[in-house]
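Quick notes on the structure that follows.
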Amino acid sequence: MSEKVKETLMVGYHKYEFVQDGLTIVMDRIKEERGDVIGDMTIEADPTKYVDLSNPHIITQKQNMSSGTSKDRIAKILSGKLETPDWDSIIEYVCTKSMRKHREGHPLVQIGDLEPRKEVPYVLHPLIRRDVPCILYGESGIGKSYISLFICLLVTNEISAVGLTPTKANILYLDWEDGEQNLDERLKALAKGLNIQTPQLYYQYMDGMFRDQVHMVAKRIADNNIDLIIIDSKGAAIGGRINEADTTVQLFNYIRSLRVTSIVIDHVAKQSAIGPIGSTYTVAEARNVWEMRAGEHRAPNKMWIGFYHRKTNMSKKHNPFALEFTFDEDDNEIVQSVSVEQVDVADDSSTRTALPIVSQIQIFLKEQVMPTGEYIAQSIEDITAAIDGRTGTVKARLSDHVDKEGFWEKAGTGEYKYKDKEPAW
């Protein structure tokens, strides 16, 4: 077969376009079955190239790519439908290529002499690293869908805002939690808050487990040049089997096979819990993990969320930050506009408690100041009570940073006060 074929080969989804013959063949749901490679084959033809053809669809059937008899049989059936193409050669090419691709895995490369990167790649700095799974987790009802859609707006439109810097990317939103109408309304309200036109976002309503639909997701990625997928949320994507290590690892293996950047939205077991809900492999498999924590409710129309970098496998962890969402509703209580502002994570008592112990001590001591500007000494007991910490831990941290500028100094037996930084001049 001499014709050059345009190929799209992704995990579980192979597409072949024979331009000269006006044929498109798709192999998906590819799997091993009793030693054979089986897949669903769909063939379409261009009606403008075949005068007797009124409908592009030719055939859809389960195809054994390993069996010569099965390949001969389908070639004979296709010759009865369209005589012109060399069906024997086309079917042999497609079946052989898909079978080999399925079995060979990803290409073998040599490392040690690759071109060095000049910087760590991000889709949205400092939140979302490129080409790796990122976990965003927080308690139920914190507003995770608003956060996800806000990320979509910044990345799709390549708009820098609230301390976040994007690189433009095409996004596919995989939704197990809500529905297209609700997310459409939230997207429009967020766009209005940014004073921009609402972009068109690829949205996929999902049910069932991710592993059973990865072939469909691969097709969506290939057909729409998707760079970033959002999985909302992990628990539903694995059928609620959150404590099973093999199910969690399997999810991340499928995500990895798609070779795109991913954001996985996850929950915590309860408000006091540390880390995402379920198997410890959630954090182990992710390359970038951020906790989201709700602040105190200042007003019914405001939502304050702190972000804390809990894991990275490259460079250092980024500093915590916080965002405040302000909702403007109409008389029917439908949100019309949502504005987002960057705020100080230390300005809220709830989001402050998720900061490192040292930071909490710094903030508390710095706030203990007289009208004259002189800092007031505090006992270890008062400091421990103020940050709701443990006495032993507080003592250790105080000892680690005593007499350092921007931290604290001893002010007597068992007492400490804030120590200002000396002016730069």
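The values are calculated or read from the model by the stated rules, or taken from the named source; none is laboratory data. Quick caveat: nothing in here was measured; it's all calculated off a predicted structure. With ideal geometry, Cβ positions are generated from the backbone for all residues, glycine too; neighbour counts draw on all protein chains shown.
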Completion exercise
Among the residues of region 1-33, the number that are aliphatic (A, V, I, L, M) and under 27 Å from ARG211 (Cα atoms) is 7
Practice task
Residue by residue through region 87-139, note down the ones that are among the aromatic types (Phe, Trp, Tyr) and over 30 Å from SER233 (Cα atoms).
Solution key: TRP87, TYR93
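Per-residue answers, yes or no, for (1) of a type in the set (S, T, N, Q); (2) crowded, with 17+ Cβ neighbours inside 10 Å:
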site: THR24; (1), (2): yes, yes
site: ARG34; (1), (2): no, no
site: TYR50; (1), (2): no, yes
site: THR69; (1), (2): yes, no
site: ASP72; (1), (2): no, no
Practice task
Kindly check whether there is at least one residue in region 353-372 that is under 30 Å from PHE150 (Cβ atoms) and free of Cβ contacts under 8 Å to residues at least 12 places away in the same chain.
Solution key: yes
Fill in the blank from the handout: Going through region 74-89 in order, the residues found to be part of a loop (DSSP other than H, G, I, E, B) and either surrounded by 13 or more Cβ atoms within 10 Å (Cβ to Cβ) or of a type in the set (Asp, Glu) (or both) are LEU82, GLU83, PRO85, ASP86
Problem - Sole exception among (1) closer than 20 Å to VAL340 by Cα; (2) polar (S, T, N, Q); (3) surrounded by 13 or more Cβ atoms within 10 Å (Cβ to Cβ) for THR96, by number - result: (1)
Practice task
Considering only region 114-155, state which residues are without any contact (Cβ under 8 Å) to a residue 60 or more places away in the chain, surrounded by fewer than 21 Cβ atoms within 10 Å (Cβ to Cβ) and not in a loop (DSSP other than H, G, I, E, B).
Solution key: TYR122, HIS125
Fill in the blank from the handout: Quick count over region 221-238, residues being surrounded by fewer than 16 Cβ atoms within 10 Å (Cβ to Cβ) and either not assigned by TED's automatic domain parsing to the domain that holds TYR203 or not polar (S, T, N, Q) (or both), is 1
Practice task
Grab the helices (runs of 4 or more DSSP H) fully contained in region 344-401, keeping just those with 3 or more residues being surrounded by fewer than 18 Cβ atoms within 10 Å (Cβ to Cβ).
Solution key: 357-367, 380-387, 391-401
Exercise for the section: Might you check whether a residue that is modelled with pLDDT under 90, within 18 Å of the chain's Cα centre (by Cα) and part of a helix (DSSP H, G or I) occurs anywhere in region 261-280? Expected result: no
Problem - Any hit, region 163-175, residues being touching a helix residue (DSSP H, G or I) at 6+ places or on another chain (Cβ under 6 Å), β-branched (Val, Ile, Thr) and either surrounded by 21 or more Cβ atoms within 10 Å (Cβ to Cβ) or in a strand (DSSP E or B) (or both) - result: yes
Fill in the blank from the handout: Checked pairs for region 182-204, first assigned by TED's automatic domain parsing to the domain that holds ILE221 and surrounded by 13 or more Cβ atoms within 10 Å (Cβ to Cβ), second part of a helix (DSSP H, G or I) and β-branched (Val, Ile, Thr), C-beta under 9 Å and 6 or more apart or across chains, list as PRO199/THR156; LEU201/THR156; GLN204/VAL217
Problem - Selection count where residues are part of a helix (DSSP H, G or I) and in contact with a Lys or Arg (Cβ under 6 Å, 6 or more places away or on another chain), scope region 191-220 - result: 1
Practice task
Hey, can you tell me all the residues within region 102-113 that are part of a helix (DSSP H, G or I) and either of a type outside the set (Asp, Glu) or crowded, with 20+ Cβ neighbours inside 10 Å (or both)?
Solution key: HIS102, ARG103
Practice task
State which residue is nearest to the chain's Cα centre (by Cα) when the search covers only region 192-233 and only residues that are of a type in the set (Lys, Arg) and modelled with pLDDT of 95 or more.
Solution key: ARG220
Practice task
Those residues that are more than 23 Å from ARG100 (Cα to Cα) and of a type in the set (D, E, K, R), I need them from region 45-85; list them, please.
Solution key: ASP46, LYS49, ASP52, LYS76, LYS81, GLU83
Handout entry: Which numbered condition ALA396 misses (of (1) of a type in the set (Gly, Ala, Ser); (2) in the same structural domain as THR198 (by TED's automatic domain parsing); (3) out of contact with any Lys or Arg (no Cβ under 7 Å at 6 or more places or on another chain))
Key = (2)
